[in-house]
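Read through the structure below, which is laid out as structure tokens, and then see the notes.
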Amino acid sequence: MSDYEKLGLFYLGKSYDLAQGKRGEDLILYDAKDLTTHAMIIGMTGSGKTGLGIAMIEEAAIDRIPVIAVDPKGDLTNVLLTFPDLGPQDFRPWVSAEEAAARGISLDTLAEHTAGVWRKGLEEWGQSGERIRRLRETVDMTIYTPGSTAGAPISVLRSFAPPPPQLRDDSELYREHIQATASSVLGLLGIDADPLTSREHVLIATILHHAWDQGQALDIAGLIRAITEPPFRSIGVMDVESFFPSKERFALGMRLNTLLAAPGFDAWLQGEPLDTGRFLYTDAGKPRIAVISIAHLGDRERMFFVSMLLGDMMSWMRAQPGTGSLRALFYMDELFGYMPPLANPPSKTLLLTLLKQARAFGLGLVLSTQNPVDLDYKGLSNIGTWFIGRLQTERDKLRVMDGLEGAAGGGPFDRQAMDRILAGLGKRIFLMRNVHEDEPVVFTTRWVMSYLAGPLTRDQIKTLMAAHPVKSPAPATPAVAATRAINTVPAGGPPVLPAEIPQYWIPARPGVTSPIYLPHAIGAADVTFVNARFDVQVARRVVSIAPISDGPVTVEWGEARELTMDVASLQRAGLADATYTDLPEAARRQKSYDEWARAFARWLRSSQELRLYQSLTLKDVSRPGETERDFRIRLQQRAREQRDDRVEALRRKYAPRLGSLRDRLARAEASLKREQAQQQQQQWGTAASVGSTLLGALMGRRMRGGGNIGSSIGRMQREAADVQRAEASVASIEAQIAELEAELQSEIARIETSFDALTEPLDTVTVAPRQNDVSVRFVGLAWAPHARDAHGNLVPAW
């Protein structure tokens, strides 16, 4: 293992002496846990900040930490240009034809030269193709291109999914998330809406709130229908029509529909859903470096996408358990415009919230900019590590020093010394100010493993991603209802049934009009799963509907479909413009429902089971409802936390001895300086005495004190011996420190790191309900809304 390959430490470069203008040999190893307090990279164009950012992404990948990297300029796509063999043929497709022509050489020659430069650069920094191979094997790498099919497209507008309960339970965060989503949609239309005074904003926010409160997702078509036909009667104390007349609502819906129908806009509806969890990990649970290129988008589209991504990231974050270790990294290559000091774009509130809260969940933010003056000061005060490169203007330097002083939290801060350091920074030279360390460090960045070809075009991204296809989840195919003769019921509505038969209506999707209701038996039950060995006792509410037929078996629960909505979301009346299919005779008798309830209980006891996964290595069991993928992801995080805890425990164990030795070293160095000063003084005194005696001899005079020459030389020799002993003492203590630090690193290296959550064999544990663990709450009649598809089939409309 190389000296820089330490557990949980990022190899960023080596120390740099500004006074001498040369690189030192001290490795700059950054503790990954420090990124939970976030980092900022600041530097003008050409300062090397993108190279530093790519180095951090590479180190995160090697440590199996997933990364979402938003790339407004196209540079971060270079992360995928990693070639373990470092052969000319690897570089050939990516070297510049313009550069080859300007130098008067062929592309093959330029590729061979570039491969040689990269091999040499890596070797100078102690790296090789094997480290690149390890990088590629550890993580998946994907380039996403929202609004384009050049890379993996992202379906941003297919669905506005409700945030998780953890976020909805926090009323302030829930409100911010709704407002940011509404602002993002309106921003895409070019409407700069104030959340408090804009009717458009209030209407869309209310629609989202209404749907999400019921646990329902909205697609873009549903949002347009809800704008023109809101699923509620009032906003505040005013009726909808008075607050926002239908004619004007129609105009707003038409603007959104026109945008939807614009050429090329269908790319926003294709590909992976906007899902932070899927960006961070593959279906198998492998960590992913997700580079999201937005260089091809306009300003409105960029703001829309970034705000939607940040909102989804916040929802994902709040669903995670707390941790002190780094769980994931969010990197943004240019922050300008997304967190300004005065304006309030939808991205700003989300970024400020993440900077304040993400630490508790192990989500680290790394933000990069060349415009420190155009950033919100409140956000900067929540950043723990500053990487500062060469700055463009005096104003930039003053703003950076203000930010550093604020991040110091009232501690000592020498502005003059900091000013001198910042003035001396050059290309690839950075000042690192980390609140977790005592002193700032000046360093030069290491050679990155990724080939820095510059921004990639969409055609180049398409070529690159051809070797890295991403499988999008297949959309669920709605079940086709059995075709029934339609009985259009007049004003009387659905059939009149005995009062003891409970009737429910499943809510139709927003925007659905004139539904066709089909009758189903609906059953609700609480199923309890108990296993003392695995400390499991969990109840699951099961709500299922099954078709009602006229055959010998009127309800077959084996054909039931489970509803994801809560019982409280069921309605007690249908839509006024609906039609109803015929109701089988059995559904009109109370006795049938008693029989169906008994059959429902039997079916639940035989069909319901709780499947758990067990890791024998970490002695952990999956949580109820946790998929194998999510369990493996959690195992990765738990292994990282255990590793970090053990490393920290070892450091605490060695800290007293190392501290004692360093105190002794400080005293020995002070003693050495005193002995050296005394030796210097004695040398001058002896030289003066010898010189005086020689002068007297030349002048033929006898000088007083000449007899003291011997004693002066003797004292000088004793001082020299004292210096040698002091130097030996310093060297001895330094050797002891080095030996103890080597012993510490050896113990850290012995920490078990071979655990791989992706290949860990998992045992499957199945827990079935016992006889008395099924409690049927009710069985009744449910009217399920359907609509005709393009082929005339009845399909669910909820």
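Data for the structure
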| item | result |
| --- | --- |
| Per-residue [θ]222 nm for the chain (sum of -39500 (n - 2.57) over DSSP H runs n ≥ 4, rounded to 500) | -13500 deg cm²/dmol |
| Per residue value of the accessible surface for the chain (all protein chains in place, 1.4 Å probe), Å² | 47 |
| Amide H within-cut-off set for Val765, under 5 Å, with H built and near neighbours excluded | Leu612, Tyr613, Gln614 |
| Amide H contacts under 5 Å for Arg540, placed H, 5+ residues apart | Val527, Thr528, Phe529 |
| Vicinal HN-Hα couplings computed from phi for the range 299-316 (Karplus, 6.51 cos²θ - 1.76 cosθ + 1.60; Hz; Gly/Pro x) | 4, 4, 5, 4, 4, 4, 5, 4, 5, 5, 5, 4, x, 5, 5, 5, 4, 4 |
| Positive dipole terminus of the chain, leading residue within Pro519, Pro507, Tyr4 (C-beta point charges) | Tyr4 |
| Angle in degrees between helix 171-188 and the longest Cα principal axis of the chain, rounded to the nearest 10 | 90 |
| Listed peptides 372-381, 346-355 by packing density, highest first (mean Cβ within 10 Å) | 346-355, 372-381 |
| Rg to Rh, two decimals, where the range 1-96 supplies the alpha carbon set and Rh follows Kirkwood | 0.98 |
| Shape call, the range 158-269: gyration tensor on alpha carbons, a/c limit 1.5 | oblate |
| Residue-span extension gain [Glu628 to Ile62] - 0.36 nm each, minus C-alpha spacing | 201.4 nm |
| Relative contact order for the chain, counting Cα pairs under 8 Å that sit 6 or more residues apart, in percent | 18 |
| Accessible carbon and sulfur surface of the chain relative to its total accessible area, %, 1.4 Å | 50 |
| Net charge dipole size for the range 522-561 [Lys, Arg +1 and Asp, Glu -1 on Cβ; Debye, nearest 20] | 220 |
| The range 235-310-the range 17-87 distance, computed between alpha-carbon centres (Å) | 31 |
| Sites Glu562 and Met44 - FRET efficiency at Förster radius 51 Å, r taken between beta-carbons, to 0.05 | 0.35 |
| Glu229 paired with Asp459, simple spin-label distance in nm, labels 7 Å along Cα-to-beta-carbon | 4.8 |
| Electrostatic dipole magnitude of the chain [Cβ: Lys, Arg +1; Asp, Glu -1; Cα centre; debye, to 20] | 1440 |
| Interchain or long-range residues, amide H under 5 Å from Thr149's placed H | none |
| Given (i) 1.06; (ii) 1.34; (iii) 1.26, the label whose value is Cα Rg over 2.2 N^0.38 Å derived from this model | (iii) |
| Most to least packed among 265-275, 554-564, 220-230 [average Cβ atoms within 10 Å] | 220-230, 265-275, 554-564 |
| Helix axis angle, 107-124 relative to the chain longest principal axis, alpha carbon, degrees | 70 |
| Rounded if a/c under 1.5, otherwise prolate or oblate - the range 195-239, Cα gyration tensor axes | prolate |
| Residue-span extension gain [Arg92 to Ile501] - 0.36 nm each, minus C-alpha spacing | 139.8 nm |
| Residue (of Pro494, Leu672, Ala284) at the positive-pole extreme of the chain, dipole from beta-carbon charges | Leu672 |
| Table column - 3J(HN,Hα) (Hz), the range 207-214, Karplus curve with 6.51, -1.76, 1.60, x for Gly and Pro | 4, 4, 4, 4, 5, 5, 4, 8 |
| Inter-probe distance in nm under a simple model that places probes 7 Å from Cα toward Cβ, at Ala731 and Ala262 | 7.4 |
| Added length on full extension, which subtracts the Cα-Cα distance from 0.36 nm per residue, Gln20 to Leu618 | 210.2 nm |
| By average C-beta atoms within 10 angstrom, highest first, the peptides 397-403, 663-669 | 397-403, 663-669 |
| Cα-based reach from Lys120 at 25 Å (exclusive), listing lysines while leaving out same-chain residues under 8 positions away | Lys6, Lys14, Lys22, Lys49, Lys427 |
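The values are calculated or read from the model by the stated rules, or taken from the named source; none is laboratory data. None of these values were measured; they are calculated from a predicted model. No Cβ is skipped: glycine too gets one built from the backbone with ideal geometry, and neighbour counts run over all protein chains shown. With ligands, DNA and RNA removed, areas are computed over all heavy atoms of the protein, side chains included. Shrake-Rupley method; radii C 1.70, N 1.55, O 1.52, S 1.80 Å.
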